[in-house]
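Student: The structure follows.
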């Protein structure tokens with residue numbers, strides 16, 4: 001029995017090019033030409049503050065530690081902003097209306113949890129940023145936070161606790177980034 005034809009068929013299956021379309025590759029090259037992810041996404045200083053819309057979806061309350069006054073949560077952050085440099089005409093790129101890029105390729109708002117209890121300010125997973133052809137940016141990273149929370153157990157077991165998560169930009173002030181909070185919409189990750 002000759003295995004050579006079967007081997008060629010298997011090799012042919014594995015050698016099919018997997019990658020971006022020509023339109024998508026051209027779009028990436030064109031949009032990122034001259035782009036600097038360290039520079040705020042504004043044409044001129046009069047467009048500051050940058051509006052960053054934020055929502056927070058609680059996925060799981062992992063633990064509430066009354067003794068140490070720490071709340072441990074699993075959340076999804078949703079951050080939306082506009083980057084004027086990330087615009088294109090879909091007609092010129094095979095009707096591509098959105099693309100996904102690694103977060104280190106674009107400017108990201110440096111939104112962190114200020115009242116964290118363990119010194120970990122970052123999100124858990126640096127997922128892709130979704131960019132539409134109008135320059136609207138969407139980033140939905142998951143995060144596991146340990147936050148400080150004043151817990152009053154005076155009326156235990158009938159007590160009710162309110163824990164506040166305090167978010168803001170680490171390096172930009174309120175005149176440079178305006179954080180607007182939105183109601184989280186449950187629907188799973190984007």
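The values are calculated or read from the model by the stated rules, or taken from the named source; none is laboratory data. All figures in this text were calculated on a predicted structure; none of them were measured in a lab. All Cβ positions, even for glycine, are placed from backbone atoms using ideal geometry, and neighbour counts span all protein chains on display.
Student: Would you be able to say whether some residue in the stretch 40-61 is more than 18 Å from the chain's Cα centre (by Cα), part of a strand (DSSP E or B), surrounded by fewer than 17 Cβ atoms within 10 Å (Cβ to Cβ) and at pLDDT 90 or above?
Tutor: yes
Student: Would you check which residues across the stretch 147-162 are in contact (Cβ under 8 Å) with a residue 24 or more places away in the chain and more than 22 Å from residue 108 (Cβ to Cβ) and list them?
Tutor: Once the filter is applied, which keeps residues that are in contact (Cβ under 8 Å) with a residue 24 or more places away in the chain and more than 22 Å from residue 108 (Cβ to Cβ), the stretch 147-162 yields 148, 149, 150, 151, 153, 161.
Student: Also, I was wondering about something else. Residue check: is residue 37 surrounded by fewer than 17 Cβ atoms within 10 Å (Cβ to Cβ), touching a helix residue (DSSP H, G or I) at 6+ places or on another chain (Cβ under 7 Å) and either more than 20 Å from residue 23 (Cβ to Cβ) or at pLDDT 95 or above (or both)?
Tutor: When the stated conditions are applied, residue 37 passes them.
Student: Also, I was wondering about something else. Among 31, 101, which is the only one that is surrounded by 14 or more Cβ atoms within 10 Å (Cβ to Cβ), touching a strand residue (DSSP E or B) at 6+ places or on another chain (Cβ under 7 Å), at pLDDT 95 or above and over 30 Å from residue 154 (Cα atoms)?
Tutor: Of 31, 101, the one residue that is surrounded by 14 or more Cβ atoms within 10 Å (Cβ to Cβ), touching a strand residue (DSSP E or B) at 6+ places or on another chain (Cβ under 7 Å), at pLDDT 95 or above and over 30 Å from residue 154 (Cα atoms) is 101.
Student: Moving on to the next point. Conditions: (1) under 14 Å from the mean Cα position of the chain (by Cα); (2) over 15 Å from residue 71 (Cα atoms); (3) touching a residue at least 60 places away in the same chain (Cβ under 8 Å). Residue 128 meets all but one. Number of the miss?
Tutor: Checking residue 128 against (1) under 14 Å from the mean Cα position of the chain (by Cα); (2) over 15 Å from residue 71 (Cα atoms); (3) touching a residue at least 60 places away in the same chain (Cβ under 8 Å), the one that fails is (3).
Student: Go through the stretch 91-111 and count every residue that is touching a residue at least 40 places away in the same chain (Cβ under 8 Å), farther than 12 Å from residue 31 by Cβ and not in a loop (DSSP other than H, G, I, E, B).
Tutor: 2
Student: Mind checking whether some residue in the stretch 72-85 is assigned to a loop (DSSP other than H, G, I, E, B) and within 24 Å of residue 181 (Cβ to Cβ)?
Tutor: yes
Student: Quick one: is residue 77 in contact with a strand residue (DSSP E or B) (Cβ under 9 Å, 6 or more places away or on another chain) and surrounded by fewer than 14 Cβ atoms within 10 Å (Cβ to Cβ)?
Tutor: no
Student: With surrounded by 10 or more Cβ atoms within 10 Å (Cβ to Cβ) and without any contact (Cβ under 8 Å) to a residue 60 or more places away in the chain as the only criterion, which of 165, 138, 134, 179 stands out?
Tutor: 134
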